[in-house]
Amino acid sequence: MRTFPLHPECPDLRRLADNPAEALLRAEAEVVAAENAAERDRYRRLEDLEEAQQDGRGVTRRTFVAGAATATALATAQFVTTSASFAATRTGTLIHVFLYGGLDGLSLVAPADDPVLAKARPDLLLGDDSLALGRGFKLTSAFKPLEQWLKAGQLGFIPAVSDERLSRSHFQAADACNLGGLPSETGGRGWLDGLVDALGKGTAFRSVGIGSTLPRSLVGNNGALSLNSVGSLRLNGDEKYREATEKAIRGLFTGINHPVEEAVLDGMGALATAQRLSAKPYQPAEGVSYDGVGKAFQQLAQLIKGGANVRVATVGMGGYDTHENQGSRDGGRLHRRLNELASAMAAFFTDLGDKAANVTIMVSSEFGRRVASNGGGTDHGHGGVVTILSGRRLAGSLLGTWNGLNDLDSGDVPEYNNMFNVYGSVAQGRFGLTNAEVDKIFPRQKYTPMKLYA
């Protein structure tokens with residue numbers, strides 16, 4: 001444990017903590033508490049209420065600034081920027097799963113017995129064990145773990161999804177997808193952060209990214225939490241002093257009549273919730289196990305079932321840049337990745353039980369891939385596929401517009417369905433947003449709603 005030199009005239013700091021920052025924070029809290037007590041005594045003696053109001057109450061500016069600096073140094077950045085906790089105005093949860101690398105949508109869903117595909121990619125056709133979809137399409141057998149939701153009308157696919165802003169660059173396309181447009185159009189703010197505005201105030205967990213880095217889609221004004229696991233959300237510092245440190249922070253930021261008060265106290269509430277949920281190992285529903293990307297879904301299941309009131313969440317999954325060794329059938333590289341994803345989504349919905357009725361998962365990627373095989377894989381293209389798994393019944397298993405592959409866009413699947421119309425329609429159906437509210441989420445997009453839900 002790190003110790004620090006103390007001035008002989010300040011021996012009392014030793015009793016507060018061995019760590020200098022924590023000791024100083026708690027010392028600051030004691031000073032503030034004493035000042036507040038003295039202020040309360042003084043106001044009780046004042047007979048002139050107007051004079052009392054003019055003098056001000058509570059923590060002095062000097063004390064507040066010093067305490068804020070110390071607490072900020074101890075706490076994480078996401079802790080102090082999280083907005084205040086109020087009852088959410090919209091119910092339900094939307095989870096955006098982003099597949100990094102550019103998913104070959106035609107290896108997920110494809111028109112059955114299509115002559116264009118037979119000629120362009122004979123080595124990448126879906127197998128005879130594929131699942132039947134509406135409108136003459138079929139679905140890869142990798143998604144068999146989700147077959148029960150397909151039969152229930154809760155699993156659907158939108159083909160030929162893209163936007164004119166998307167290039168074949170991974171970075172540029174992924175950035176535009178997460179922002180809901182170009183950086184110059186969005187100011188660098190993520191589209192999901194704009195959605196959080198439309199949903200109204202909620203708990204500190206209303207906007208969560210599972211992973212070590214916050215995705216661009218959640219960057220903005222609402223202080224999304226980024227975490228690898230529920231148990232990883234904790235206050236920095238020595239374990240044996242943590243309770244005292246939390247008490248000190250609450251004391252420093254209570255009754256200061258400043259916006260940061262709501263942020264910090266809400267953050268403390270998030271810490272308390274995380275500690276409660278992680279106090280014992282999470283136990284999924286009977287028969288449910290999580291592997292691979294499923295570990296991220298397990299964290300969301302723990303939060304949702306634990307009453308954390310998650311409204312928007314993200315999960316990222318890599319491995320979809322399949323220039324070679326792609327394989328669209330059982331045993332192929334892409335087939336395995338898709339099967340891992342489908343198994344995770346199935347485990348998650350099973351684990352949620354009745355709570356799955358209020359959850360929608362949307363899966364997308366930065367772009368699709370070219371129609372023709374390159375002799376073992378596929379190169380960067382445009383029109384891709386968006387997948388929806390929802391607690392609500394969908395309008396069909398094959399959604400949106402499909403005009404075939406006879407007129408390709410420079411060798412790519414054409415854009416029949418605009419990506420941001422898809423994103424907006426998924427969110428609108430999940431939360432009951434108005435068209436005007438969706439327009440604000442995508443500032444340079446002329447939003448046209450799509451019928452996705454029954």
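Overview of results
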item: Residue under evaluation Gly223, criteria (1) touching a Ser or Thr at 6+ places or on another chain (Cβ under 6 Å); (2) in a loop (DSSP other than H, G, I, E, B); (3) modelled with pLDDT of 85 or more, criterion not met; result: (3)
item: Residue tally, condition hydrophobic (A, V, I, L, M, F, W, C) and buried (at least 24 other Cβ atoms within 10 Å of the Cβ), over segment 206-217; result: 2
item: Residue within segment 229-237 that is modelled with pLDDT of 95 or more and not in a loop (DSSP other than H, G, I, E, B) present; result: no
item: Whichever residue in segment 401-413 is open to solvent by 10 Å² or more (accessible area, probe 1.4 Å) and among the charged types (D, E, K, R) and, among such residues, is farthest from Phe348 (Cα to Cα); result: Asp407
item: Considering residues of segment 104-125 that are more than 32 Å from the chain's Cα centre (by Cα) and assigned to a loop (DSSP other than H, G, I, E, B) only, the residue nearest to Thr378 (Cα to Cα); result: Arg121
item: Selection from segment 278-298 of residues that are polar (S, T, N, Q) and at pLDDT below 85; result: Ser278
item: Checking Ala87 against (1) modelled with pLDDT under 50; (2) open to solvent by less than 20 Å² (accessible area, probe 1.4 Å); (3) in a loop (DSSP other than H, G, I, E, B), the condition it does not meet; result: (2)
item: Complete set of residues in segment 416-445 that are among the aliphatic types (A, V, I, L, M) and within 14 Å of Ser390 (Cα to Cα); result: Val426, Ala427
item: Segment 294-305 - residue that is touching a residue at least 60 places away in the same chain (Cβ under 8 Å), under 14 Å from the mean Cα position of the chain (by Cα) and open to solvent by 10 Å² or more (accessible area, probe 1.4 Å) and, of those, nearest to Met345 (Cα to Cα); result: Ala296
item: Checking Ser397 against (1) under 20 Å from Leu99 (Cα atoms); (2) in contact (Cβ under 8 Å) with a residue 40 or more places away in the chain, the condition it does not meet; result: (1)
item: Some residue of segment 126-143 being under 19 Å from Thr322 (Cβ atoms), in contact with a strand residue (DSSP E or B) (Cβ under 6 Å, 6 or more places away or on another chain) and outside any strand (DSSP E or B); result: yes
item: Selected residue (criterion: nearest to Asp175 (Cα to Cα)) from residues of segment 104-116 that are open to solvent by 10 Å² or more (accessible area, probe 1.4 Å) and modelled with pLDDT of 95 or more; result: Leu106
item: Residue identified as under 25 Å from Pro145 (Cβ atoms) and in a loop (DSSP other than H, G, I, E, B) among Gly353, Gly396, Gly404, Gly375; result: Gly396
item: Every residue from segment 362-400 that is within 14 Å of Gly105 (Cα to Cα), out of contact with any Phe, Trp or Tyr (no Cβ under 9 Å at 6 or more places or on another chain) and open to solvent by 20 Å² or more (accessible area, probe 1.4 Å); result: Arg370, Ala372, Ser373, Asp379
item: Residue in segment 358-374 that is out of contact with any strand residue (DSSP E or B) (no Cβ under 7 Å at 6 or more places or on another chain) and free of Cβ contacts under 8 Å to residues at least 24 places away in the same chain present; result: no
item: Qualifying residue in segment 259-277 (condition: within 29 Å of Thr91 (Cβ to Cβ), aliphatic (A, V, I, L, M) and at pLDDT 95 or above); result: no
item: Qualifying position, being open to solvent by less than 20 Å² (accessible area, probe 1.4 Å) and in contact (Cβ under 8 Å) with a residue 24 or more places away in the chain, among Leu150, Leu124; result: Leu124
item: Output for segment 327-343, where each listed residue is modelled with pLDDT under 95, touching a helix residue (DSSP H, G or I) at 6+ places or on another chain (Cβ under 8 Å) and surrounded by 17 or more Cβ atoms within 10 Å (Cβ to Cβ); result: Gly327, Ser328, Arg329
item: Residue tally, condition open to solvent by less than 10 Å² (accessible area, probe 1.4 Å) and at pLDDT 90 or above, over segment 195-205; result: 3
item: Residue among Tyr416, Tyr447, Tyr423 that is closer than 21 Å to Gly220 by Cβ, surrounded by fewer than 23 Cβ atoms within 10 Å (Cβ to Cβ) and touching a residue at least 12 places away in the same chain (Cβ under 8 Å); result: Tyr447
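The values are calculated or read from the model by the stated rules, or taken from the named source; none is laboratory data. Bear in mind the structure is a predicted one, so any value in this text is a computation, not a measurement. Positions of Cβ are generated from backbone atoms using ideal geometry, with glycine treated the same way; all protein chains shown enter the neighbour counts. Accessible surface areas use protein heavy atoms only, side chains included; no ligands, DNA or RNA. Shrake-Rupley method; radii C 1.70, N 1.55, O 1.52, S 1.80 Å.
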